[in-house]
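Contents: one structure, followed by commentary.
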Amino acid sequence: MNSLETFAQQFADTVWGTPLVILLLGGGLFFCFISRATPYRHMGHGIAVLLGRYDTPDAAGEISHKQALAAALSNTMGLGNIAGVALAIVAGGPGAVFWMWVSAIVGIATKFFTCSLGVMYRGKDSLGNLQGGPMYVIREALPKPFYPLAVLFALAGLIGTLPMFQANQLTALIQDTAFGGSAPAWAPLLIGVSLASVIGSVIFGGLPRVANVAIALLPTMVTVYLLMTAWVVINHLSGVPGILLSIVSEALSPTAVGGGFLGVMLIGISRGAFSNEAGVGTEVMAHGAAKTNEPIREGMLATLGPVFDTLIVCTCTAIVILLSGNWQQPGELSGITLTANAFQGQMGGLGLVLLGFVALILSTTTMFTGWYYGAKCFGFLVGAQWQPYFRWFFVLAVIFGATVSIDVVFNLISASYGLMAIPTMISSILLAPKVATASQDYFAALSCKT
């Protein structure tokens, strides 16, 4: 392991220590308590919002409710759902999956509070445009001594939202599919330039184009991936109960892979947060752009994110990998190549091709939205008038990510996500009573109308 890989790993391990896990889990449980489980009791309302029953086209904002969720999901439902799950299982065994589930369940309440605040405390950028995101929540709602937290979020967001992980893993999959694991030295650069061209063609069209592309692609991707998983599960149905039992038992075992109970919990929670981003704050920027004057309505829509992302898509990946058994002897397999090997072993060449299709959609839609998040962080720090120049930096980052080590990329991005979670969770916990009160008023008024 070279010095850069060592630094990146130590950096990620330091950030994702016990204090941050306590902040995420404890904060999520606090949100659940103070809201009296509102996000869980009214999840049907979130579905109604998604279906367009409460759209307000003339309200302040940039995109519709559906576009906001699609934009948020296009970032959360990325290669973390395929490669991130594989990395979690190799590092922490089956028990890591259990803690990813826990992070998602608790994350439902966290998303409700953070995304409600994203609309409740929107602020104007240097050009006078209305913006949402944890940095604006902190600036608009908290006293000035808390402003450094807004800067910390924006700085970490510049790194955490870069497309390097997605570009890296998609490049690895393309190389395996096209060259059978023996790709020439020039392949990563060529793939990186090609990806950069595709990403640039979309992000130069702005957030509405990004959201529309996500709406068009994500449902097809989820359907294909569910069918792929169903095929594997049906053909290995007798092994599924044992897999589910191992997920629970290993999560609570003092001798679990990854350093025992505490070690596997830290791995699962960090990978879960990397997947669904609950408490990280990136999704707040997408939901904060929704056309609505009702913060609670947008918060309820946001609760659907961890369900689709972690409880459904990540679980599909985990079951296929664990049924294949290849995680126990990964050898040179890492990240998406481990998942690809599992699907190829179960479905042959068709599995590899279909996974390539899914990965292409996941990675590109994530990179589309990552540009928007990064540009908002950049604009907050240096002025919104400079945001257009961030597109060029982002496109170059695609090429860079395609040509560097997966360990360096994943650890740097993961650590940045952890740093983003600190200001997001602290500000949300401090402002939670505001959301709880607004929630009671909102649902009381809603019940009167019905």
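Annotation: residue 54 fulfils all but one of (1) over 30 Å from residue 356 (Cβ atoms); (2) out of contact with any Leu (no Cβ under 7 Å at 6 or more places or on another chain); (3) in contact (Cβ under 8 Å) with a residue 60 or more places away in the chain; (4) assigned to a helix (DSSP H, G or I); the unmet one is (4).
Which one is most open to solvent (accessible area, probe 1.4 Å), of the residues in the range 184-201 that are among the β-branched types (Val, Ile, Thr) and under 24 Å from residue 84 (Cβ atoms)? Step by step, filter the range 184-201, then rank; the result is 198. Answer yes or no as to whether residue 356 is farther than 29 Å from residue 222 by Cβ and touching a Ser or Thr at 6+ places or on another chain (Cβ under 8 Å). Taking the combined requirement at face value, the residue does not satisfy it. For the range 343-390, a residue qualifies if it is crowded, with 19+ Cβ neighbours inside 10 Å and free of Cβ contacts under 8 Å to residues at least 60 places away in the same chain, and the qualifying residues are 344, 375, 387, 390.
For every residue, the table says whether it meets (1) open to solvent by less than 60 Å² (accessible area, probe 1.4 Å); (2) modelled with pLDDT under 85.
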site	(1), (2)
392	no, no
401	yes, yes
412	yes, yes
416	yes, no
434	no, no
440	no, no
447	no, yes
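Number of residues in the range 1-48 that are under 23 Å from residue 113 (Cα atoms) and modelled with pLDDT under 85 equals 3. Those helices (runs of 4 or more DSSP H) of the range 294-364 in which 1 or more residues are of a type outside the set (Asp, Glu) and modelled with pLDDT under 80 occupy 315-324, 336-347.
Being β-branched (Val, Ile, Thr) and assigned to a helix (DSSP H, G or I) is the filter here, so list the residues in the range 365-403 that pass it. Selection gives 365, 366, 369, 382, 395, 398, 399.
Quick check, is residue 260 open to solvent by less than 30 Å² (accessible area, probe 1.4 Å), among the small types (Gly, Ala, Ser) and modelled with pLDDT under 85? Taking the combined requirement at face value, the residue satisfies it. The set of residues from the range 14-56 being open to solvent by 30 Å² or more (accessible area, probe 1.4 Å), within 19 Å of residue 279 (Cβ to Cβ) and not aliphatic (A, V, I, L, M) comprises 14, 18, 19, 26, 30, 32, 33, 40.
Looking at 432, 384, which one is in contact with a Ser or Thr (Cβ under 9 Å, 6 or more places away or on another chain) and under 30 Å from residue 53 (Cα atoms)? Matching residue, one of 432, 384: 432. Here is the figure for the range 124-172: residues that are in contact with a strand residue (DSSP E or B) (Cβ under 8 Å, 6 or more places away or on another chain) and open to solvent by 70 Å² or more (accessible area, probe 1.4 Å) total 4.
Being under 22 Å from the mean Cα position of the chain (by Cα), open to solvent by 10 Å² or more (accessible area, probe 1.4 Å) and among the aromatic types (Phe, Trp, Tyr) is a condition met by no residue of the range 319-334.
Would it be correct to say that residue 67 is open to solvent by 10 Å² or more (accessible area, probe 1.4 Å), of a type outside the set (Val, Ile, Thr), in contact with a Pro (Cβ under 8 Å, 6 or more places away or on another chain) and in a helix (DSSP H, G or I)? Considered against the rule, which asks whether it is open to solvent by 10 Å² or more (accessible area, probe 1.4 Å), of a type outside the set (Val, Ile, Thr), in contact with a Pro (Cβ under 8 Å, 6 or more places away or on another chain) and in a helix (DSSP H, G or I), residue 67 comes out as yes.
Confirm whether residue 204 is modelled with pLDDT under 80, open to solvent by less than 10 Å² (accessible area, probe 1.4 Å) and out of contact with any strand residue (DSSP E or B) (no Cβ under 7 Å at 6 or more places or on another chain). Here the answer is no, as residue 204 does not meet what is asked.
Could you please let me know if residue 181 is closer than 30 Å to residue 153 by Cα, surrounded by fewer than 23 Cβ atoms within 10 Å (Cβ to Cβ) and at pLDDT below 70? For residue 181, the condition - closer than 30 Å to residue 153 by Cα, surrounded by fewer than 23 Cβ atoms within 10 Å (Cβ to Cβ) and at pLDDT below 70 - is not met. Pairs meeting the criteria (first residue in the range 224-252 and of a type in the set (Gly, Ala, Ser), second residue open to solvent by less than 40 Å² (accessible area, probe 1.4 Å) and not in a helix (DSSP H, G or I), beta carbons under 7 Å, at least 6 apart or on different chains) are 246/94.
The values are calculated or read from the model by the stated rules, or taken from the named source; none is laboratory data. Remember, predicted model here, so these are calculated numbers, not experimental data. Positions of Cβ are generated from backbone atoms using ideal geometry, with glycine treated the same way; all protein chains shown enter the neighbour counts. Heads up: the accessible areas ignore ligands, DNA and RNA and are worked out on the full protein's heavy atoms, side chains in. Shrake-Rupley method; radii C 1.70, N 1.55, O 1.52, S 1.80 Å.
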